[in-house]
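Right, one structure below, let's go through it.
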Amino acid sequence: MQNPVMRSALFVPGNRPERFAKALVSGADVVIVDFEDAVEEQQKARARANLNAFLNDNPSARVWVRVNTAGHAEYQADLDMCLHPGVDGIFLPKAESAEQLLRVATTGKQVIPIIESARGLDHLPAMARVPGVVRLTYGRLDLGLDLGLTVTSYGAERMFDQVRYALLVQTRLAGLEAPLESVFANIEDSERLLHYARTAGNMGFAGMLCIHPKQVAVVHSAWAPSEEDLAWARRVLEAADGRGAFKLDGEMVDAPVVARARQFLGLSAGSASPESDGGR
């Protein structure tokens, strides 16, 4: 089952089971239980056991999982854990080939590759077309390290714009849901987070990865259509009524404009719907 609205995808460490329920009531569209970077090597198996126990005790809960990288000693055990019916999808970190994603897709779950290397970027067109892949995203910290960038610099941001462009183009060519922006590391700077998220939205991204529950509301506000946008969208859909191209307020309206109006109203419905289910 795809998640057409995925403004926020909130990470929660797999070795902190006391945070699972809190993450699911944070309002995030999707909760990602992290088995990778947030979990020390000696706690990987415990993270899987934590999630398995939580999902068994909470059968209505739905989460995604960021597994360990392909080739990691815990990788296959992570994929096996993701067969649990409470797991809706899998984020594969440091994705670098279509073959890796085909293996993840054998779980029958939705797949989102995280591009974090030059090799991943080089193989992006093939990875975007793997059956089961539903969206694309990237990890700015690991990708910046691989490319030798000073991640917080203006120059690095110019390079990341090239990455965003590649993700968006391959998304369109493969017919995927719109991509997700990478994390914003400063959890205290809501103003800059809002600007970062709005910029991503203006660049065609559907949402972003979050690292703290307090980021969720800010991120949602960045993707929320204004009242003016909603009023315009309602007028367009009322006037369309099965027609082809027509004029409204002196401007030409055709199929792409009608689709944009529906998108605005869809985002509004996502904002207004109950979000305590963690993206079910």
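All of the numbers you see were taken from the coordinates with simple rules; none came from a lab. Just so we're clear, the structure is a prediction, and the values are computed from it rather than from any experiment. Because the Cβ atoms are built from the backbone with ideal geometry, glycine has one as well, and the counts that use them run over all protein chains shown.
Of the residues that make up the stretch 29-42, is at least one of a type outside the set (Gly, Ala, Ser) and free of Cβ contacts under 8 Å to residues at least 12 places away in the same chain? Quick ask: steps written out before the conclusion?
Within the stretch 29-42, the subset of a type outside the set (Gly, Ala, Ser) is 29-37, 39-42.
Retained after the next criterion (residues that are free of Cβ contacts under 8 Å to residues at least 12 places away in the same chain): 41-42.
Checking the stretch 29-42: at least one residue is of a type outside the set (Gly, Ala, Ser) and free of Cβ contacts under 8 Å to residues at least 12 places away in the same chain.
For the stretch 1-39, filtering for residues that are in contact with a Lys or Arg (Cβ under 7 Å, 6 or more places away or on another chain) and more than 14 Å from Trp64 (Cα to Cα) leaves 1. Of all residues in the stretch 189-200, those that are within 13 Å of Lys214 (Cβ to Cβ) have Cβ atoms under 6 Å from Cβ atoms of residues that are outside any helix (DSSP H, G or I) and not charged (D, E, K, R), 6 or more apart or on another chain, in Leu193/Phe184.
Could you tell me whether the stretch 71-78 includes any residue that is crowded, with 22+ Cβ neighbours inside 10 Å and touching an Asp or Glu at 6+ places or on another chain (Cβ under 6 Å)?
Narrowing the stretch 71-78 to residues crowded, with 22+ Cβ neighbours inside 10 Å: 78.
This time we only want the ones that are touching an Asp or Glu at 6+ places or on another chain (Cβ under 6 Å), so: none.
Looking for residues that are crowded, with 22+ Cβ neighbours inside 10 Å and touching an Asp or Glu at 6+ places or on another chain (Cβ under 6 Å), one finds none in the stretch 71-78, hence no.
Within the bounds of the stretch 164-177, is there any residue that is surrounded by 17 or more Cβ atoms within 10 Å (Cβ to Cβ), farther than 22 Å from Gly132 by Cα and out of contact with any helix residue (DSSP H, G or I) (no Cβ under 7 Å at 6 or more places or on another chain)? For the stretch 164-177, residues surrounded by 17 or more Cβ atoms within 10 Å (Cβ to Cβ), farther than 22 Å from Gly132 by Cα and out of contact with any helix residue (DSSP H, G or I) (no Cβ under 7 Å at 6 or more places or on another chain): absent. Checking each residue of the stretch 44-52 against the condition of being surrounded by fewer than 19 Cβ atoms within 10 Å (Cβ to Cβ), in contact (Cβ under 8 Å) with a residue 12 or more places away in the chain, basic (Lys, Arg) and in a helix (DSSP H, G or I) gives at least one match.
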